[in-house]
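> A single structure is presented below for examination.
The values are calculated or read from the model by the stated rules, or taken from the named source; none is laboratory data. Everything numeric in this text was worked out from a predicted model, so none of it was measured. Here the Cβ positions follow ideal geometry from the backbone for every residue, glycine too, while neighbour counts run over all protein chains shown.
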Amino acid sequence: MSEIGQNPEISALVLFSGGQDSATCLAWALDRFARVETVGFDYGQRHAVEMEARLEVRARMAALRKDWADRLGPDHVVDLTGYGRIAESALTAERAIELDARGLPTTFVPGRNLVFLTVAAALADRRGLDVLVGGMCETDYSGYPDCRRDTIEAMARALSLGLDKPLVIETPLMALTKSETWALAQRIGGPPLVDLIVEASHTCYRGDRDQRHAWGYGCGDCPACELRAVGYGEWAARP
């Protein structure tokens, strides 16, 4: 990973789920790169409503600023439902959300980010895109080992070797708390971007779009909702 800063000559592929983190990453990328495309993965997730939310987030993001609309390129969706069946978890099957024998949450999908990054790297290679952007974070996260900086840096090295060319994976949220992620969105796009993320993005593991909270829609008690709510509350309480 390398913080490459603003560069109007570089293109990027954003791993885009339609949640708070990936929406913030999309805005971050649109603020920096000449061309930005997005990729989503259908792995049979129970909260499949995120696949619909991501389209609304993209459309509303483009409407915020003309330069963002000009830079936003195509969206791609990759069918990984076969992998989702192999890597069964509480995100892909009717299982309780709890800790397993290893101390990992049952929402952990084994190797998910490793698979996502490999597929995204192949797509970026064929599309001529220079950088992968992902919302992985090791500060405020649900205990997933494939979100850690060491994991992402190892994947960047492996993919660079496998593709026989340097591959940059940018993770702008890696060291941020959820509160700081809200603050980053505020810095990038002001209240309009924050409002967009609250209203249109989806994070809830249970796919609940009926209950509206100050921080957005969700069940309010799954791990994803709890992280998002606490982060929003801490950010909103700042002077």
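> How about region 41-70: which of its residues are buried (at least 21 other Cβ atoms within 10 Å of the Cβ) and within 24 Å of S11 (Cβ to Cβ)?
F41, R54, V57, M61
> May I ask you to verify whether P223 is at negative phi and either under 18 Å from the mean Cα position of the chain (by Cα) or without any contact (Cβ under 8 Å) to a residue 40 or more places away in the chain (or both)?
For P223, the condition - at negative phi and either under 18 Å from the mean Cα position of the chain (by Cα) or without any contact (Cβ under 8 Å) to a residue 40 or more places away in the chain (or both) - is met.
Residues are listed down the side, and each one gets a yes or a no for (1) part of a helix (DSSP H, G or I); (2) buried (at least 19 other Cβ atoms within 10 Å of the Cβ); (3) free of Cβ contacts under 8 Å to residues at least 40 places away in the same chain; (4) in contact with a helix residue (DSSP H, G or I) (Cβ under 7 Å, 6 or more places away or on another chain):
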site	(1), (2), (3), (4)
C137	no, yes, no, yes
M155	yes, yes, no, yes
S160	yes, no, yes, no
P192	yes, no, no, yes
V198	yes, yes, yes, no
D208	no, no, yes, no
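> Counting only residues that are over 21 Å from L123 (Cα atoms) and at pLDDT below 95, which one in region 24-49 is farthest from the chain's Cα centre (by Cα)?
Checking each candidate, the answer is R46.
> Filter region 122-133 for residues that are in contact with a helix residue (DSSP H, G or I) (Cβ under 7 Å, 6 or more places away or on another chain) and buried (at least 22 other Cβ atoms within 10 Å of the Cβ); which is nearest to F16 (Cα to Cα)?
Among those residues, the one meeting the criterion is V133.
> Follow-up question, since we're still on this one. Which of the residues belonging to region 162-177 are closer than 19 Å to V14 by Cβ and assigned to a helix (DSSP H, G or I)?
L163, the sole residue that qualifies.
> Let me ask something else. Do you know which residues across region 3-19 are in contact with a Lys or Arg (Cβ under 9 Å, 6 or more places away or on another chain) and either modelled with pLDDT of 95 or more or within 12 Å of G73 (Cα to Cα) (or both)?
Result: S11, A12, L13, F16.
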